Amino acid sequence: MSTLRLTMSQALVRYLAAQKVRDEDSGELLPMFGGVFAIFGHGNVAGVGEALYQHREQLPTYRAHNEQAMANAAIAYAKAQMRRRMMAVTTSIGPGATNLLTSAALAHVNRLPVLLLPGDIFVSRAPDPVLQQIEDFSDGTVSVNDCFRPVSRYFDRIVRPEQLFTALPRAMHVLTDAALCGPVTLALPQDVQAEACDWPEDFFTERVHSFRRLPPAPEDITAAADALRHAKHPVVVVGGGALYAQASEAVRHFAETHGVPVAETQAGKGTLAWHHPLQLGPAGVCGSTAANDLLADADVVLAVGTRLQDFTTGSNALYRHARIITLNVNGYDALKGGGVQVLADARLGLGALSKELGAWRAKQAWRERAEQLAKQWRELVDKIASRRELPAGTLPYDGEIIGAVQRSHAHSTRDDIVVCAAGTLPAELEKLWRTETPGGYHMEYGYSCMGYEIAGGLGVKMAKPEREVIVMLGDGSYLMLNAEIATSVMLGQKLIVIVLDNRGFGCINRLQQACGGPPFNNMLDDCLHGSDDAPAIDFAAHARAMGAQAEHVRSIAELEQALTRARASTRTYLIAIDTDHRRTTEAGGCWWEVAVPEMSERESVQAARRDYEQAKERQRLYPVTGKPDEH
Ligand SMILES: Cc1ncc(C[n+]2csc(CCOP(=O)(O)OP(=O)(O)O)c2C)c(N)n1
Ligand SMILES: [Mg+2]
């Protein structure tokens with residue numbers, strides 16, 4: 001057996017470069033890792049850094065400005081690739097490593113693959129305490145990287161080079177398995193990074209990963225079909241799992257064959273084209289009237305590839321009388337809802353269920369009601385999104401801006417991908433954004449992490465360079481994390497960034513008042529000031545300083561003109577627009593639980609508490625069992 005003498009870092013990088021996937025359209029073999037994002041420090045520059053340099057042709061290294069941001073870019077890349085291709089991220093020890101923690105949690109909750117490679121302290125302990133080493137008084141084995149354990153799907157610390165023989169195949173398995181998929185953390189002590197050993201050449205043989213689909217068990221399909229046949233008011237809810245399983249066609253076929261309307265979650269939006277007659281729009285707190293009205297009356301909900309998060313599906317607030325059928329590749333998720341469980345890939349599961357149901361169709365009256373409500377919702381969206389002229393002195397709100405962005409698409413040859421994560425915009429985009437292409441709506445809403453937007457946009461653009469990537473975010477998110485604008489300029493990865501400046505944390509300000517609180521510490525005008533003037537931030541000037549083109553606009557008409565310039569630009573282009581923080585799209589939505597204080601001297605808090613207690617009485621706490629016609 002021939003061997004190669006390599007350092008642990010060299011072996012690691014060589015192995016990553018040998019992992020391949022087959023492009024499903026062209027059949028071409030592609031690297032599974034699209035590259036490595038790296039910020040070097042003493043914990044990785046000499047070891048991993050040297051190895052990355054050697055393999056820079058096969059596995060490109062990208063430099064960013066903030067570890068959380070570059071990990072977010074890597075995660076967004078994997079999401080845009082429907083989890084088929086991904087990236088690795090390497091950091092120094094200490095602060096560089098802990099800057100990754102938020103992103104690890106984000107990938108964990110969103111079930112997205114990313115390989116995190118934080119540097120770690122010396123295994124030898126010879127230089128202890130080395131620069132940036134925290135010291136645990138009672139446990140000699142602890143470093144800051146132990147914080148990654150609860151936010152990794154697989155965690156390992158490589159204390160001897162040959163541990164890669166077991167750690168790397170396990171890591172690849174977790175990264176490519178539909179049910180386990182999430183962040184993998186391999187903590188790399190810096191002395192071990194530089195240590196050499198003999199590696200069999202076979203270890204680095206090209207490996208083509210396949211993304212296996214889990215077929216359903218026949219008895220699960222029988223039980224699910226039985227529950228559906230008894231349903232008078234069935235609704236399908238599709239989540240991100242349906243998108244990642246590329247089940248769009250299966251969802252459309254199921255809806256049309258069996259006449260069951262479809263509602264979507266933030267992660268699942270785009271699975272079914274927006275104009276499909278049975279497309280109800282989003283469910284839950286940011287949901288449409290069509291989806292929420294029907295879900296409130298549903299007796300069976302078929303939840304496909306969703307975590308059944310209350311906010312995005314209304315699972316606890318809305319369908320209190322419905323039996324839930326979960327179709328999920330992950331047993332943890334399949335168990336939720338306490339109803340019928342089908343443990344399977346979304347595409348295969350829907351296909352088998354449809355076959356079993358044969359000619360069964362939902363009752364005509366229910367289908368007609370669904371189509372009617374869906375049509376009314378589409379008309380409402382049209383009305384909001386086509387509003388151009390506003391009364392003098394009225395600032396636009398997010399809905400009118402979304403309309404302008406979508407209209408400007410008519411002048412483009414590229415298909416848009418909108419990227420967003422937190423603030424007012426996720427609710428508005430979920431209600432109003434229209435997409436026909438799976439992946440055209442990129443919302444990070446599992447963690448809804450402020451600061452994901454620009455970095456995420458960069459990752460999406462790297463995955464889909466032929467698409468127009470439009471990042472929409474609030475002033476708050478922008479100020480939290482924006483430096484990857486400079487990276488997008490450096491890498492020539494053009495983004496259109498639209499900043500909606502309502503001068504503060506608008507959505508939390510509204511939430512605070514809905515809970516009876518006074519406007520306090522959210523909008524800039526309501527915060528402590530060192531002088532009489534609240535700060536005014538020139539976002540366009542800020543972006544220009546990082547090399548982007550940028551302008552500030554004052555109206556929807558000006559925005560439309562700026563969007564034409566932005567679409568024509570080859571460089572990252574930022575448009576800042578002042579917006580109204582009070583107006584939102586009122587139609588749709590549903591209650592969700594935000595705990596209101598039991599004691600307060602404020603009457604408005606007491607009133608909010610009474611409403612809260614009443615709403616809690618209607619919350620779904622127990623699974624609905626039995627056949628629909630038995631209750
Ligand atoms: C990292 C992080 N910190 C805090 C929050 C809680 N949070 C959600 S939205 C929001 C305010 C967002 O402000 P902005 O981006 O300006 O959007 P707006 O609501 O004003 O439209 C806050 C503080 C969060 N989601 N993520
Ligand atoms: Mg704001």
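The values are calculated or read from the model by the stated rules, or taken from the named source; none is laboratory data. Just so we're clear, the structure is a prediction, and the values are computed from it rather than from any experiment. Cβ: placed from backbone, ideal geometry, glycine included. Neighbour counts: every protein chain shown. In case anyone asks, the SASA skips ligands and DNA or RNA and just uses the protein heavy atoms, side chains included. Shrake-Rupley method; radii C 1.70, N 1.55, O 1.52, S 1.80 Å.
Residue-by-condition table, conditions (1) free of Cβ contacts under 8 Å to residues at least 40 places away in the same chain; (2) part of a loop (DSSP other than H, G, I, E, B); (3) more than 11 Å from ligand 1 (Cβ to nearest atom); (4) open to solvent by less than 10 Å² (accessible area, probe 1.4 Å):
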site: ARG407; (1), (2), (3), (4): no, no, yes, no
site: VAL418; (1), (2), (3), (4): no, no, yes, yes
site: GLY456; (1), (2), (3), (4): no, no, yes, yes
site: GLY459; (1), (2), (3), (4): no, no, yes, yes
site: LYS494; (1), (2), (3), (4): no, yes, yes, no
site: ASN509; (1), (2), (3), (4): no, no, no, yes
site: GLY517; (1), (2), (3), (4): no, yes, yes, no
Residue match in segment 58-69 (condition: surrounded by 24 or more Cβ atoms within 10 Å (Cβ to Cβ), touching a Leu at 6+ places or on another chain (Cβ under 6 Å), hydroxyl-bearing (Ser, Thr, Tyr) and modelled with pLDDT of 95 or more): no
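On the given criteria, is ASN521 over 18 Å from VAL419 (Cα atoms), open to solvent by less than 20 Å² (accessible area, probe 1.4 Å), within 16 Å of ligand 2 (Cβ to nearest atom) and under 28 Å from the mean Cα position of the chain (by Cα)?
no
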All positions within segment 420-454 that are within 13 Å of ligand 1 (Cβ to nearest atom) and of a type outside the set (A, V, I, L, M, F, W, C): GLY423, THR424, PRO426, GLU428, GLU444, TYR445, GLY446, TYR447, SER448, GLY451, TYR452, GLU453
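Looking at segment 548-569 only, could you name the residues that are in a loop (DSSP other than H, G, I, E, B) and surrounded by 15 or more Cβ atoms within 10 Å (Cβ to Cβ)?
ALA548, SER555
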Output for segment 610-631, where each listed residue is more than 32 Å from the chain's Cα centre (by Cα), open to solvent by less than 70 Å² (accessible area, probe 1.4 Å) and either on the phi > 0 side of the Ramachandran plot or at pLDDT 70 or above (or both): GLY626
Matching residues in segment 570-588 - criterion: being open to solvent by 30 Å² or more (accessible area, probe 1.4 Å), of a type in the set (Ser, Thr, Tyr) and within 15 Å of ligand 2 (Cβ to nearest atom): THR584
Condition broken by PHE311, with the remaining ones in (1) open to solvent by 10 Å² or more (accessible area, probe 1.4 Å); (2) more than 24 Å from the chain's Cα centre (by Cα); (3) of a type in the set (A, V, I, L, M, F, W, C) satisfied: (2)
Residue ID - modelled with the highest pLDDT, chosen from residues in segment 526-538 that are farther than 19 Å from ALA576 by Cα and of a type in the set (Asp, Glu): ASP526
Tally, over segment 472-492, of residues that are away from ligand 1 (no atom under 15 Å from the Cβ) and in a loop (DSSP other than H, G, I, E, B): 2
Criterion: open to solvent by 10 Å² or more (accessible area, probe 1.4 Å), part of a helix (DSSP H, G or I) and within 20 Å of ALA370 (Cα to Cα) - qualifying residue of THR222, THR257: THR257
Residue list for segment 19-46, filter: more than 24 Å from the chain's Cα centre (by Cα) and open to solvent by less than 10 Å² (accessible area, probe 1.4 Å): GLN19, GLY43, ASN44
Test for ASP297: is it in contact (Cβ under 8 Å) with a residue 60 or more places away in the chain and open to solvent by 40 Å² or more (accessible area, probe 1.4 Å): yes
First in segment 422-444 and within 16 Å of ligand 2 (Cβ to nearest atom), second anywhere and open to solvent by 20 Å² or more (accessible area, probe 1.4 Å) and part of a helix (DSSP H, G or I), Cβ under 6 Å, 6 or more apart: GLY423/CYS507; THR424/CYS507
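Test GLY451 against the criterion of being in contact (Cβ under 8 Å) with a residue 24 or more places away in the chain, open to solvent by less than 10 Å² (accessible area, probe 1.4 Å) and at positive phi, and give yes or no.
Yes.
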